[in-house]
Each structure stands twice: as C-alpha cells, then as structure tokens.
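Asks: Before anything else, here's the structure in question.
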There are 2 protein chains.
Amino acid sequence: MNKKRGQQSIVFTTPPVITSAANIVGPMEGEGVLTEFYDHILKDNLDDNDSWEKCESSMMEWALKTAIKKDQSSVNDVDYVLAGDLLNQLMSTHFAIRNVGRPFLGMYGACSTLAQSMLVGSMLIDGGFANKVAVAVSSHHDAAERQYRFPTELGVQRPLVSQWTVTGSGALVISGAGDGPRITTATVGKIIDIGIKDPNAMGPAMAPAAADTLWSHFDDTGRQPSYYDMIYTGDLGSVGKALVVELFKERGVDLTAVYEDCGCMIFRQEQDAHAGASGCASSAVVFAGYIYRMLKRQKLRKVLLVGTGSLHSTTSYQQKESIPCIAHAVAVEI
Amino acid sequence: MNKKRGQQSIVFTTPPVITSAANIVGPMEGEGVLTEFYDHILKDNLDDNDSWEKCESSMMEWALKTAIKKDQSSVNDVDYVLAGDLLNQLMSTHFAIRNVGRPFLGMYGACSTLAQSMLVGSMLIDGGFANKVAVAVSSHHDAAERQYRFPTELGVQRPLVSQWTVTGSGALVISGAGDGPRITTATVGKIIDIGIKDPNAMGPAMAPAAADTLWSHFDDTGRQPSYYDMIYTGDLGSVGKALVVELFKERGVDLTAVYEDCGCMIFRQEQDAHAGASGCASSAVVFAGYIYRMLKRQKLRKVLLVGTGSLHSTTSYQQKESIPCIAHAVAVEI
C-alpha cells in the first residue's frame, strides 16, 4: 500500500502509539516554566560526571531507560533505538547507547532529531520491521557552548537574538499497539538555506524551513492549521517564531491561535535566556513532558510537532558558509 | 506482516532493487587497484573548490546526481535522500543536499553510514513509504585528517596500524521495482566497545563489532558464510580483517574463502596506505563500483556488505574514552 501523500508526507496505515515518554533537565530548566512536567532535575550541570559531555550522555541513558521502564517493558523488548545529539560524531548518543545494548540507528538532524527519529521509528513500526522502538535526543548547554562558540567559562556576552541551549534529554517508546497518542502522519523536510550566516541567529535561519515544511504538510494532507489544537515548532525562539507567523500572514493565513514554539515555553523571562531555548532537548523535554501529558489527559487531542534543525558546523561557519536548515513534522493524535 | 528475524535482522517482503550506482574518487584512489571501476577521478584533492570540505561536498553532489541520471530518473523522482559523512554535523552532506532539494534524512554511523542508509532506505521502500530513494556517503582524506588528527600539512608520521581515509563518494538509487541486484535482508548492529582507546587503531576496534553483526546475521537468518559468494566488511584494513578471521576461527568457522575487506581493496601496496583504506567512502566507492558491477554482470550473485563504523570523536578521545563501534549488514542478491 502506498502511504505517500503529495511530495513530502506519509500517512501511517496503523498509526504507531507513543506508549511512554520520559525527560530529564538541568537545574536552570528545572527552575523554568515547565518545572512540574520534568521527571528529574539535575542538581548541577555535571551531576557527578567528569565532563559536560559525559553528563549529557548519562542524561540520555537515564531518559531512555526511564521511558522503557514507564512502558513496563525491558530493554530487550525494544527492537531498535534511534537517537542523536548535537555533539561532533553524536558523542553523547554513542556513549549512552553503548550501555543499552540494542540494535541502533544514529540520526542527525541537529535540533530536528527528535522529530526525525519519531518519523523514521514510526515507519519501522508501520512498515512491519519492528514492534517497539525507543527514540532519544539530548543537548547540554555547556557542552554545546564550548563546541559551537567560545570556551563556556569565558562567559562571552550574547546578542539578544541568540538562544540558550537546553540541558536535558527526552525519550519516547513507540509501539505497534497499546494505549496512548498515535503518530498519524509525518512530513519529511527539505534543506532550506536563505543565506543567513550568523550562527547566533539560528531562529531566523530556521524559520523559513519550518514554514516550508508546514506548507508542505498542509498541501500534502489537505489539512488546515485549524485541524490541530496546537502546532509546536522545536526551537525557533521568539524571533524565529515571529517570522513563521509573518511568513504565514503574507500568504493570508493567521497561525497565532494554534501556534507556539517549544523554545519559548521553557525559560522564564527573568532567566535571561534572550530569544528563548534551543538544542535537540528543546522540543524533546517539552514534548516528552508537557505535550505528552496534555495528550494523555486529552487536554490536547491533535498536535503537530515540527522539529527544526540548523545544520551548520563551526567549520562551515569559519569557511563563511550560510546556514542550511531543515524541519520535520509529525502529527500526534489521540 | 512481521519482517523481523531473530534479534537484529529483517527480511524484506519485496526486496528493493539497487537500480543504479555511481562513484567518484580522489587522485590517489584513482591510481589504486580499482581504477577501472570509478566513474570519475578528481585531478587533485581540491578540484577547484575553496576547501577540502567543500570538495567533499561537491563529490557527494556529483555522485548523487550521477546515480540519479544513470537511473534515467530526475531528481524529483526521488522520494527521500538518506546520506551522511564523517565531518562534524555532517557538513559535506548538508551542503551537497542543499543543492538537491528533496526530502532528506541525515544518517550517522561513521563509516557504516552507507550500509545504514541502504537498510533504512530499503525499509522505507518495502514499508510502502517510498518508491525510490537515493543514498550517498562521502569522506575526504585531508578534511578528515585535520578534523580528527593533526593539521594535514604537518605530515605527521603515521603508525603502521593506521589507515588512510578515502577521498571519494558513492551513491545508489534504490527502487521498489526495476532490474538489478536486490537488498534481501539486513542486520542492524549494536554498539560494541572492547576498550581500545587508540584512534589510530580503528580496524582492531571495529573488528569485534563486525564479527558480532556477522554472527547475529547468521544466527537470525539461519544462513552460513558459504551462502554468500563474498562477504565484504567496510574498512577494517589488514589488521582488523585478520582479527575478524581470527574471531571466527575461535568459534570453528573458516571465513577466508568468502571474505574480503573493502579497505584492503583500494590502494596498491606501494601506495603506502599502511593498514589500508578507511572512511565512509571506503565501502561506498568499492560497493558502488566494483561490487555493483560484478553483481550486474552476475560474476557475484550473493554478497553481504558489512559497513563498519568507529563512533568516537576527538572530544571523546581527549576525555580518554574508549572507541564505541558498530556494524550494519545488508545482503544484496541477483
């Protein structure tokens, strides 16, 4: 059966079920808006690890194993793990998954990695290749800062358009059967690059990719924005979010009633995160906490999660290249 | 229909067809053993690009577009592109795919990325999500050297166990129908880490992962090594290859009659590549050239390709971590 819709979308025949979710965050995130929706809050950014990178890795391992436990499954019930992070060569992921011991597929979509892993994992289940998959992503502010920008301890002044990388990890178990919200459709993004070169301005760089994937999703599925109770982008922050609203307004569509960005939901204004949160964990800790629980409680029934990724590296930036971006969408309904 | 076999393997119901293949290599590879099996050989390691990284990117773009052309398809016939490379944040891939404009999924399995992309791409086709996918991987000796080790121009003396990263790219078009060799089964690897910490000794580090995936493949499918005309690992080099043979010998199985490593097939002895070739492009330029043509000519009828990946980063190495490794297997038959 052909499950393709239009150019970029798919409709699952037997929509896979998100049977459990777990998240973990750092102390700053724990003091933020969504504090009651986190499973665990670290006491500090190292949490007794030797390095920030190893701390990130241990968060992912914890989130994965906790999601599997909440699913009342054992690790061996998971057919595949799909995961990724922002560190070079997915360092956090590989050291986390080394301790899980299941067949593994490494995903990279920068901060869109959760949405990418959800849609590929759902294809594996609906395609008959797996009964149960686990997906996980992570990011760590201090590890990302020293890799992408400056030595973290330097405390360089950040421009107001910049965002704060979330310290945290989110994991989901996706199953062929069971109770819970279901992944019904997905839209795979194309790489969009509008020529922005400032790696502090990732929200504005990613906004056109988010808008492109959203348009394709509506075109391919025939749905309107109002079909959804809420549409959440991953980590556009306040500047990127305003741009998406503007891009839709130009085409005569008012998104504001049903649209929010996960990057605008994590920190309080007084936490001085500037344009908001970013990082793989931005959409992951919000989806695996607040959104998942709202779906389970049926406070939300139809959600579109649009993971957004900025695909540059320090090398591409130093070589004066612009920032290629991508966005992947998954519709989750109960 | 459940397509799982055993713990780690799958059998495709309608085995996807590799309808075309293309490859491109640097000048040193072009002077190697398989010179007649390359579609294009660069005149130098920059090929009129500003940087080695951009050269790598342009090789991938060329390989992808050439494979699509050989398939007598247009870029728009490709439902998804799955691709990856070794550079931080998959830099070569993202800049190549930016110029392709199709829905994209970023894969990371270090030098196992071709096999991973082939098996995920085949799942998308056999699962009904796509009619045609293109997969591509690349590596570039000079770009990898300066990222992973020392400034390339320094010309640091290399230990004899070390391997030479292949400059090149390979791409395949995989279709739901058509003529050509078919991907019949696949085995997804687990992360195996035996504690090796020397990033020059990647062959020995990866050999146990290759052996583990091979054993799982034989266990899950009930096949013997002799089922295959040839089994090719990706880039273990001479030291890693000898270790795989030894690990099988310990369990009473002689692999030697049907086993070769792509990393031992590329350079001539006098080219001084030490233990052989490595990099994403090692298995890719051999598979998309020599092996694919031998399959098309039916000189080989049953091949098992075992992509092997060393999942460390410079950060993990500097933090004195050992090297997690993985291997994924795809059976290709005509």
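The values are calculated or read from the model by the stated rules, or taken from the named source; none is laboratory data. The shown structure was predicted, so the numbers you read here are calculated from the model rather than taken from an experiment. Cβ: placed from backbone, ideal geometry, glycine included. Neighbour counts: every protein chain shown. Please note that ligands, DNA and RNA were not included when accessible areas were found on the heavy atoms of the full protein model with its side chains. Shrake-Rupley method; radii C 1.70, N 1.55, O 1.52, S 1.80 Å.
Asks: How far is A:GLY195 from itself in the other copies, in nm, if each label sits 7 Å out from Cα along the Cα-Cβ line, shortest first?
Replies: Relative to the other copies, A:GLY195 has label-point distances of 5.7 nm.
Asks: Hey, another quick one. Pull out the extension gain between B:GLN269 and B:ARG251, defined as 0.36 nm times the separation in residues minus the alpha carbon to alpha carbon distance; nm, one decimal.
Replies: Here the answer is 3.4 nm.
Asks: Compute the relative contact order of chain B as a whole-number percentage, counting only Cα pairs closer than 8 Å that sit 6 or more residues apart in sequence.
Replies: Details: 858 pairs, mean separation 84.7, N = 334.
Relative contact order of chain B: 25 percent.
Asks: Return the percentage of antiparallel bridges among DSSP beta bridges fully within the protein assembly as shown, rounded to the nearest 5 %.
Replies: Roughly 65 percent of the beta bridges in the protein assembly as shown run antiparallel, per DSSP.
Asks: Please compute the modelled spin-label separation between A:ALA177 and B:LYS299, points set 7 Å along Cα→Cβ, answer in nm with one decimal.
Replies: Computed distance between label sites B:LYS299 and A:ALA177 equals 5.0 nm.
Asks: Can I ask one more? Could you give the nm distance between label points at B:GLU260 and B:ASP50, where each point is 7 Å from its Cα heading toward the beta carbon?
Replies: With each label point 7 Å from Cα toward Cβ, the separation is 4.1 nm.
Asks: With +1 assigned to the C-beta of every Lys and Arg and -1 to the C-beta of every Asp and Glu, and no other charges, what is the dipole magnitude of the protein assembly as shown about the Cα centre in debye, to the nearest 20?
Replies: 1820
Asks: Return the FRET efficiency for the residue pair B:THR13, B:THR35: r is the Cβ-Cβ distance, R0 is 35 Å, and the value is rounded to the nearest 0.05.
Replies: Efficiency at R0 = 35 Å is approximately 0.35.
Asks: Just to confirm a number: summing +1 for Lys and Arg and -1 for Asp and Glu over residues other than A:VAL245 whose beta-carbon lies under 13 angstrom from that of A:VAL245, what do you get?
Replies: Result for the neighbourhood of A:VAL245: -2.
Asks: Now, a different point. At a 1.4 Å probe, which residues in segment B:3-39 are at least 10 Å² less accessible with all protein chains present than in their chain isolated?
Replies: Buried-area filter returns B:LYS3, B:LYS4, B:GLN7, B:GLN8, B:ILE10.
Asks: Checking the table A:LYS4/B:LYS296; A:LYS54/B:LYS197; A:LYS54/B:LYS320; B:LYS190/B:LYS320 against a 19 Å threshold on Cα-Cα, which pairs fail?
Replies: With Cα atoms farther than 19 Å apart: A:LYS4/B:LYS296; B:LYS190/B:LYS320.
Asks: Rounded to a whole number of µm²/s, how large is the Stokes-Einstein D of segment A:4-175 at 37 °C and 0.692 mPa s, given Rh as the Kirkwood radius over C-alpha pairs? Mind dumping the intermediate values first?
Replies: Working: Rh = 16.7 Å.
Translational diffusion coefficient: 197 µm²/s.
Asks: For segment B:238-280 and segment A:1-70, what is the centre-to-centre distance using only Cα atoms, to the nearest Å?
Replies: Computed from Cα coordinates, the inter-centre distance equals 40 Å.
Asks: Collect residues whose amide H, placed 1.01 Å from N in the peptide plane, falls under 5 Å from the amide H of A:GLY170; neighbours closer than 5 in sequence don't count.
Replies: Answer set, sorted by chain and number: A:VAL137.
Asks: Using the charge dipole of segment A:182-333 (Lys, Arg: +1 at Cβ; Asp, Glu: -1 at Cβ; taken about the Cα centre), state which of A:ALA331, A:SER216, A:PRO199 has its Cα farthest towards the positive end.
Replies: A:ALA331
Asks: Which net charge results for the neighbourhood of A:LEU295, defined as the other residues with beta-carbon distances under 13 angstrom from its beta-carbon, given Lys and Arg at +1 and Asp and Glu at -1?
Replies: +4
Asks: While we're on this one: Could you tell me which residue out of B:GLY121, B:LEU160, B:LEU243 lies farthest along the dipole of chain B toward its positive end? Charges go on the beta carbon: Lys and Arg +1, Asp and Glu -1, centred on the Cα centre.
Replies: Of the candidates, B:GLY121 comes out farthest on the positive side.
Asks: Still on this model: Once R0 is set to 51 Å, what does the formula 1/(1 + (r/R0)^6) return for the Cβ-Cβ distance between B:ASN2 and A:GLN157, expressed as a FRET efficiency to the nearest 0.05?
Replies: Approximately 0.35, to the nearest 0.05.
Asks: I would also like to ask the following. Relative contact order, percent, of segment A:182-333 when contacts are C-alpha pairs under 8 Å separated by at least 6 residues?
Replies: Reported relative contact order: 38 percent.
Asks: Here is a follow-up. Is there a quick way to get the dipole size of chain B? I mean about its Cα centre, with the Cβ of Lys and Arg at +1 and of Asp and Glu at -1; what is the value in debye to the nearest 20?
Replies: Numbers: 29 positive and 36 negative charges, 196 e Å.
The calculation lands at about 940 debye.
Asks: Axis carrying A onto B: which residue of A has the nearest Cβ, and how far, whole Å?
Replies: Reported as residue, whole Å: A:GLY127, 1.
Asks: Now for a separate question. Taking K and R as +1 and D and E as -1, what net charge do the other residues with C-beta under 9 Å from the C-beta of B:THR184 add up to?
Replies: Residues close to B:THR184 contribute a combined charge of +1.
Asks: Nm distances between the label at B:VAL33 and the same-position labels in the remaining copies, 7 Å along Cα→Cβ, shortest first?
Replies: 6.0
Asks: Next question, about the same structure. Using only protein heavy atoms and a 1.4 Å probe, how much accessible area in total is buried between A and B, to the nearest 100 Å²? Present the calculation step by step, with values, prior to reporting the outcome.
Replies: Working: alone 13350 and 13350 Å², together 21580 Å².
Buried area between the two chains comes out at roughly 5100 Å².
Asks: Another question, if that's okay. Using a label position 7 Å from Cα in the Cα→Cβ direction, what is the ascending list of nm distances from B:ASP254 to the same site in the other copies?
Replies: Output for B:ASP254: 8.0 nm, nearest copy listed first.
Asks: For segment A:192-334, what % of the accessible area comes from carbon and sulfur atoms, probe 1.4 Å?
Replies: Ligands and nucleic acids excluded, carbon and sulfur reach 47 percent.
Asks: A further question on this structure: For the residue pair A:LYS70 and A:ARG223, what label-to-label distance in nm results when each label sits 7 Å from Cα along the Cα-to-beta-carbon direction?
Replies: 2.2
Asks: Still on this structure, I have one more. Given an 8 Å cut-off on Cα distances and at least 6 residues of separation, report the relative contact order of segment B:246-334 as a percent.
Replies: Over segment B:246-334, the number comes to 21 percent.
Asks: Post the alpha-carbon centroid distance, segment B:181-202 to segment A:133-164, in whole angstrom.
Replies: Using only Cα atoms to place each centre, the spacing works out to 30 Å.
Asks: Can you give the charge dipole size of segment B:284-323 about its Cα centre, rounded to the nearest 20 debye, using +1 on the beta carbon of Lys and Arg and -1 on the beta carbon of Asp and Glu?
Replies: It works out to roughly 520 debye.
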